[in-house]
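Engineer: One structure coming up, written as structure tokens, with questions to follow.
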Amino acid sequence: MATYLTITLLALSCLSSPTQSEIFTSIGQMTDLIFTERELVQSLKEYIQAEESKLEAVKSWANKLDTLTRASTSDPEGFLAHPVNAYKLMKRLNTEWSELESLVLQDQSDGFISNISMHRQYFPDEEDEKGAAKALMRLQDTYKLDSESFSKGKLPGVRYSALLTADDCFDMGKLAYNENDHYHSVLWMQQALKQMDAGEDAKTLKADVLDYLSYSVYQMSDLPRAIELTRRLVAIDPTHQRAGSNLRYFERLLTKELKDADESQQESADERPIQLDTYKRPKDYLPEREIYEALCRGEGVQMTPKRRSRLFCRYHDGNRNPRLLLKPMKQEDEWDNPRIVRYLEALSDEEIEKIKELAKPKLARATVRDPNTGVLTVAHYRVSKSAWLDEEDDLVISRVNRRIQDITGLSVDTAELLQVANYGVGGQYEPHYDFSRRPFDSNLKVDGNRLATYLNYKDEPDAFKSLGTGNRVATYLNYMSDVEAGGATVFPDFGAAIWPRKGTAVFWYNLFKSGEGDLRTRHAACPVLVGSKWVSNKWFHERGQEFRRPCGLTEVD
């Protein structure tokens, strides 16, 4: 048993080794971990089988020697009077006990340790665990899911059950607490307490949950409930280091608040369970947070029946492009102004699988350009992994690029390489512009809300200067997977939500014909709630499009 515990501890130490972070940002790469874990389980079972075989051999020795020693110790002299017994005693103590000692000392764990050591470099680290936990909280906020929904696995579109224990909920709450995120700490500590109160066994002490929960509730400015929870903590553990002093402090604060408010009667704690709407989520850096998240849930879409009546489906031949005349593309209007269209059957299943196969070895954490330094860096608001594919990588990339050029009528000669992105746990890209924002022109007619959003983000006029091809004039986005829940592309400015459909592509212009950025095209990739989202992007630049999309005469043409 001691050996088994040692092996378990060694395995756990391997699991926590900080060797490779950001695995959680790509479902495509996380799938490899499933097979790695299966291999390790098989290796562990082989180790257990070897240990059991060894133990059976030792048991056999013990049983045989137990019978023998009972007879020998009942009459030692009479037993040894027989010369064979005397010989076998010498043999056992000189030879056979040494063999037994070697058997007991034999280490069956070498194969398992070697296997786990080989895979250790690919294991998630602490940052991955933290990133996955934050992703759950992000999904909780975006899709208005309470902690119990996650705990019981009640998510839309799920095919597999996955439950969170009280200990899991406590760990989630503790992570939020350590990040000074008391809003989420309250939600998860409350769920841990609820499951413990319902009788669930847990390694975590209920006193520890109440300790974190009461202080986080206090940080949310709910003194009556903080006092009630702290009193419960004192009742469970009267010797708790902080509970007594915290209780006296909370009570003094509440008394002062009531006195200042001229209220003679002390408020009682709210008995309602702490849910998502109990406390208001703190505001953050994103001005359109509520609109963005509502669109992700399918709420607030501004397509009226009258506007929808102006949307049509048609066959698109790329202005009589020879390659599309015999087999035109199926085109659907997704939005009227600004115009967003969707192309059906833009990629075949075979092409999608080949693109994913080419991209997987190259996937790396997606980056954004820091507007202050101009340097590409990772950001918490863009959680995915991406890879760039060139025509030289495979003929399928050349074929896809040619098809995109035929469909859009824009030249791919100055376009960026095909970017493939895979979104991991809670994968998202918060509202952003695809084009480089120039210094704001005060003469440009922009409404107040749009102007506030624009000015909230720093200009980055030189974002694409090194390419020498001008600004990003248009975006072509291939959806390479269906998504069971979440993952929409939304446009907060005008309330559009475009849902992923495998094999289809959407297209829109980022710039007016004048070259000015269309501020309405600020868009976001909603967090993936359930599923794996694969997309590929093609960004067209201004140079090379002069005769394909001539300049307009006004700023907003």
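The values are calculated or read from the model by the stated rules, or taken from the named source; none is laboratory data. Everything numeric here is computed off the predicted structure, so don't read it as measured data. Neighbour counts are summed over all protein chains in view; Cβ atoms, including those assigned to glycine, are modelled from backbone coordinates with ideal geometry. All accessible areas refer to the heavy atoms of the entire protein, side chains included, with ligands and DNA or RNA removed. Shrake-Rupley method; radii C 1.70, N 1.55, O 1.52, S 1.80 Å.
Engineer: Provide the FRET efficiency to the nearest 0.05 for the SER114-ALA364 pair, computing r from the beta carbons and using R0 = 25 Å. Numbers along the way, then the final one.
Structural biologist: Values: r = 29 Å, r/R0 = 1.17.
Efficiency, rounded to the nearest 0.05: 0.30.
Engineer: Where the Cα atoms of the range 470-557 are projected onto their three principal axes, how long is each span, largest first, in whole Å?
Structural biologist: So the three principal-axis extents are 46, 25, 17 Å.
Engineer: Ordered by packing density, taken as the mean number of other Cβ atoms within 10 Å over each peptide's residues, highest first, how do 39-49, 277-287 rank?
Structural biologist: Details: 39-49: 14.5, 277-287: 12.1.
Ranked by mean Cβ neighbours within 10 Å, highest first: 39-49, 277-287.
Engineer: Within the range 165-267, report the trypsin sites (Lys or Arg not before Pro) that DSSP leaves as loop and that have at most 15 other Cβ atoms within 10 Å. Please list the in-between numbers first.
Structural biologist: Details: sites: LYS174, LYS194, LYS203, LYS206, ARG225, ARG231, ARG232, ARG242, ARG248, ARG252, LYS256, LYS259; in loops: LYS203, ARG242.
Here the sparse-neighbourhood loop sites are LYS203, ARG242.
Engineer: Where does the Debye-calculated log10 I(q)/I(0) of the range 326-368 sit at q = 0.17, 0.27 Å⁻¹, using only Cα point scatterers of equal weight, no solvent?
Structural biologist: Taking Cα atoms of the range 326-368 as identical point scatterers yields -0.76, -0.89.
Engineer: Suppose a student asked you for the relative contact order of the range 218-259, using Cα pairs under 8 Å spaced at least 6 residues apart; what percent would you report?
Structural biologist: Over the range 218-259, the number comes to 40 percent.
Engineer: Ranking request for peptides 519-525, 151-157: highest mean number of other beta-carbon atoms within 10 Å first, then the rest in descending order. The partial results should precede the final answer.
Structural biologist: On the way: 519-525: 22.1, 151-157: 14.3.
Those peptides, ordered most packed to least, come out 519-525, 151-157.
Engineer: If R0 is 30 Å, what FRET efficiency do you get for SER102 and ALA81 from their C-beta distance, rounded to 0.05?
Structural biologist: Calculated value: 0.40.
Engineer: Would you mind giving the three semi-axes, in whole Å and largest first, of the ellipsoid equivalent to the range 37-126 according to its Cα gyration tensor?
Structural biologist: 44, 12, 8
Engineer: Taking R0 as 41 Å, what FRET efficiency do you get between ASP394 and GLU126 from their Cβ-Cβ distance, rounded to the nearest 0.05? Don't skip to the end; give the middle numbers.
Structural biologist: Working: r = 37 Å, r/R0 = 0.90.
So the FRET efficiency works out to roughly 0.65.
Engineer: Another question, if that's okay. Kirkwood hydrodynamic radius, the range 237-341, all distinct C-alpha pairs: what's the number in Å?
Structural biologist: Evaluated on the range 237-341, it is 21.1 Å.
Engineer: Still on this model: What percentages, rounded to whole numbers, describe P(r) for the range 151-208 computed over all alpha carbon pairs with 5 Å bin width beginning at zero?
Structural biologist: In order of increasing distance, the bins hold 4, 21, 26, 21, 16, 9, 2, 0 percent.
Engineer: May I ask you to evaluate 6.51 cos²θ - 1.76 cosθ + 1.60, the Karplus curve with θ = phi - 60°, for each residue of the range 195-202 and list the ³J(HN,Hα) values in order in whole Hz, giving x for glycine and proline?
Structural biologist: So the J values, rounded to whole Hz, are 5, 5, 4, 7, x, 6, 6, 8.
Engineer: Once phi is turned into ³J(HN,Hα) by the Karplus curve 6.51 cos²θ - 1.76 cosθ + 1.60 with θ = phi - 60°, what whole-Hz value does each residue of the range 545-550 show in order, with x for glycine and proline?
Structural biologist: Karplus values, whole Hz, x for Gly and Pro: 9, 4, 9, 8, 9, x.
Engineer: Are there trypsin sites (Lys or Arg not before Pro) in the range 288-353 that DSSP puts in a loop and that have at most 14 other Cβ atoms within 10 Å, and which ones? Could you put the intermediate results ahead of the total?
Structural biologist: Values: sites: ARG289, ARG297, LYS306, ARG307, ARG308, ARG310, ARG314, ARG320, ARG323, LYS330, ARG339, ARG342; in loops: ARG297, ARG310, ARG320, ARG339.
Here the trypsin sites (Lys or Arg not before Pro) that fit, given the DSSP loop and packing criteria, are ARG310, ARG320, ARG339.
Engineer: Using a 7 Å offset from the Cα along the Cα-to-Cβ direction at both SER309 and GLU251, what is the distance between the two label points in nm, to one decimal?
Structural biologist: Label-label distance for SER309 and GLU251, simple model: 6.9 nm.
Engineer: Which order do LYS59, LYS144, LYS356 take when ranked by solvent-accessible area (1.4 Å probe, heavy atoms of all protein chains), largest first? Don't skip to the answer; put the middle values down first.
Structural biologist: Details: LYS59 100, LYS144 135, LYS356 35 Å².
Most to least solvent-accessible, the answer reads LYS144, LYS59, LYS356.
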